[in-house]
Amino acid sequence: MKGMHNKILSVDLSTQSTEESSIDPEILAAYLGGRGLGVRLFTSLVNPKTDPLSPDNRLVFSTGPLTGSIVPTSGRFSLVTKSPLTGLILYSSTGGSVGPALKSTGYDALIVSGRLDEPGYLLISEAGDSQIVPCERLWGLDTKETLNRLESMTTGRFHSLMVGPAGENGVLFASIMNDGNHRAFGRGGSGAVMGAKNLKAIVIKVGKAKPDIDNTELLTTYVKSARDKLKVAPITNSSLPTFGTAGLVNIINELGMLGIRNFQIGHSYEAEKLSGEAIRDEIFQKEEGCYACPIRCGRMTKTKSMSGKGPEFESVLLGTLTDIFNLQTVTEANYYCNLLGLDTISTAGTISCAMELQEKGAFRDDRIQFGSKDSLIPLIQSVAHREGIGEELAHGSAQLAAKYGMPEVAMHVKGMELPAYDPRGAVGHALGYATSNRGGCHLTGYLVAMEVFAAPKKIPRASTGSKADLLVLKQHQSAIEDSLIVCKFAGYALGFDFYSRFATAATGEDLNITRLMKIGERIYNLERLFNVKAGLSKKDDTLPKRFLTEPLTDGLSKGRTVPLDSMLEDYYRLRDWDKTGAPSKSKQQELGISL
């Protein structure tokens, strides 16, 4: 397939050996690249019962046919592994420039297995002399310190992935950070997987390899048209560049569906203190963006004593979920998560769970109280280093709440803490949370785009009608975006037909919308099949009891709960999944999947 090099680099850390191999053309035709390719490679190599923190687990990094191309927002690439937080398959993507750097070495994918006896990092270059370098003096450093040290040790241009102390110490929601502390493979604990392998970093030296593009002239024409649309669409031309993702805070709060006090309420008059507007007025330094991205939604910011990136909309949960509406404190808490290598969503969800447990008398610790701004950063540090109460929090909210006999206090799906959108405010999005293959994830289907942002059209957010149908389509579309691989924000301006045009021009394959959606369905069902083999069943496709039985008490979503059962029944029927939650035998045969 054009647009790809059709080459994989496999690294066995246990034997410190590397091997190059080609990719079966039939696999590329069936799964494209990025997430799809990663899922196909991972599920063929890893037993679903494998311990996520064992040497037998793999980290599969993969680019797509659009990665590193002229297509807007094509700087992304994918990671697939088994999550230590959920015990399920984990797919993740990140932006920046690391993905294009990997592709510039002549490799489409990198598979890491085994475990080093002593801490080290992996150095990859186009010359084919990839090597494992001992790095005991990097172990224990935060991500900024690690990047600075790598810069002093490495010649030429490079980009990097790394873990912080949280990954080294096996925190179950540790992240793999991208180029220091700017971006991340954020969810599900991939940092703990990498840390368990004694792998501190992956350094990729920028090469000159470029895959063939089937029709460069046609692709250039499509890209020009896409850039014109990105320049006039309000979200991509104005909202995201001006206020970043935190521009959503006031909108979601006004709708009464912002996660506050561990999702006990959905609206607060103080939320505007953490909004994109407040960030712009008080701490903003400059815009920042990924490779080939004209949107530039990133915010470089500065508090009274620190500087860094963010907070993003989801990272604002560090304040809203904990009832701390101090922008300086929340921004620095976000910085510390990035420096230590922690997922901001799960960190916020786990700390707020602990706060509610304390509020309900499960244990006594005066530091862990809603609104206690002086305790937030010390708590984050204790989690990353697994010290004191941080040892308990390092396992995530589900295990924490279960330990104290109040599992209903953990706001998670399948073990993964929920993002900022309260599902009672958008029931199709709620169904997406319940059925996401990686757990409590807003990006797997992101039906809230239609229910709230009218993209591509507005649908009623409280109605259950057609939500299962729309979600299935959005989940397939999301899998394709993650496989080509492009940023979901571009979708606010570009229709899915643009991705079909990009893919066809780049690869030379007839990747029409119908074929792409079938590939998306194949990816989603293979992920589900792996999860079923790992122990998942229909009972896991649910939401915390709070969202099903406790109505919101104020705001524009007042009185609402999630009518999940009726939507779930429709969803299973449309998916052709059996009563156990597995894709039916006929569906597996139709899609050509098996485990």
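The values are calculated or read from the model by the stated rules, or taken from the named source; none is laboratory data. Treat the numbers as computed from the prediction; the structure is a model and nothing was measured. In this analysis, Cβ positions are derived from the backbone assuming ideal geometry, glycine residues included, and neighbour counts consider all displayed protein chains.
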Quiz item: Among the residues of the stretch 288-315 satisfying the criterion of being part of a loop (DSSP other than H, G, I, E, B) and touching a Lys or Arg at 6+ places or on another chain (Cβ under 9 Å), which is surrounded by the fewest Cβ atoms within 10 Å (Cβ to Cβ)?
Solution: P294
Quiz item: Looking at the stretch 47-60, which of its residues are surrounded by 21 or more Cβ atoms within 10 Å (Cβ to Cβ) and either more than 21 Å from the chain's Cα centre (by Cα) or in a loop (DSSP other than H, G, I, E, B) (or both)?
Solution: P52, N57, R58
Exercise. At least 1 residues that are among the aromatic types (F, W, Y) and either surrounded by 17 or more Cβ atoms within 10 Å (Cβ to Cβ) or assigned by TED's automatic domain parsing to the domain that holds K558 (or both) in each: list the helices (runs of 4 or more DSSP H) lying fully within the stretch 170-255 that qualify.
Key: 216-232, 240-243
Quiz item: If we scan the stretch 471-481, do we find a residue that is under 20 Å from G34 (Cβ atoms), in contact with a Cys (Cβ under 8 Å, 6 or more places away or on another chain) and touching a residue at least 40 places away in the same chain (Cβ under 8 Å)?
Solution: no
Exercise. Give T86, T63 a once-over and let me know the one that is under 19 Å from L123 (Cα atoms), touching a Lys or Arg at 6+ places or on another chain (Cβ under 9 Å) and buried (at least 24 other Cβ atoms within 10 Å of the Cβ).
Key: T63
Quiz item: Going through the stretch 326-354 one residue at a time, which ones are among the hydrophobic types (A, V, I, L, M, F, W, C) and surrounded by fewer than 24 Cβ atoms within 10 Å (Cβ to Cβ)?
Solution: L327
Quiz item: Quick one: is R367 over 18 Å from the mean Cα position of the chain (by Cα), of a type in the set (D, E, K, R) and at pLDDT 95 or above?
Solution: no
Self-check item: Tally of residues being surrounded by fewer than 22 Cβ atoms within 10 Å (Cβ to Cβ) and either under 25 Å from the mean Cα position of the chain (by Cα) or of a type in the set (D, E, K, R) (or both) across the stretch 1-27
Solution: 10
Quiz item: Is there any pair linking a residue in the stretch 75-91 that is more than 16 Å from D343 (Cβ to Cβ) to one that is part of a strand (DSSP E or B) and among the aromatic types (F, W, Y), with Cβ under 6 Å and at least six apart or on different chains, and which?
Solution: V80/Y91
Self-check item: Filter result (in contact with an Asp or Glu (Cβ under 6 Å, 6 or more places away or on another chain), polar (S, T, N, Q) and outside any helix (DSSP H, G or I)) within the stretch 422-438
Solution: N437
Self-check item: Considering residues of the stretch 396-434 that are among the hydroxyl-bearing types (S, T, Y) and more than 16 Å from the chain's Cα centre (by Cα) only, the residue farthest from P52 (Cα to Cα)
Solution: Y404
Quiz prompt | Unique residue being under 25 Å from the mean Cα position of the chain (by Cα) and modelled with pLDDT under 95 when the list is G520, G581, G555 | solution = G581
Quiz item: What's the number of the condition M450 fails, among (1) part of a loop (DSSP other than H, G, I, E, B); (2) farther than 27 Å from M4 by Cβ; (3) touching a Pro at 6+ places or on another chain (Cβ under 9 Å)?
Solution: (1)
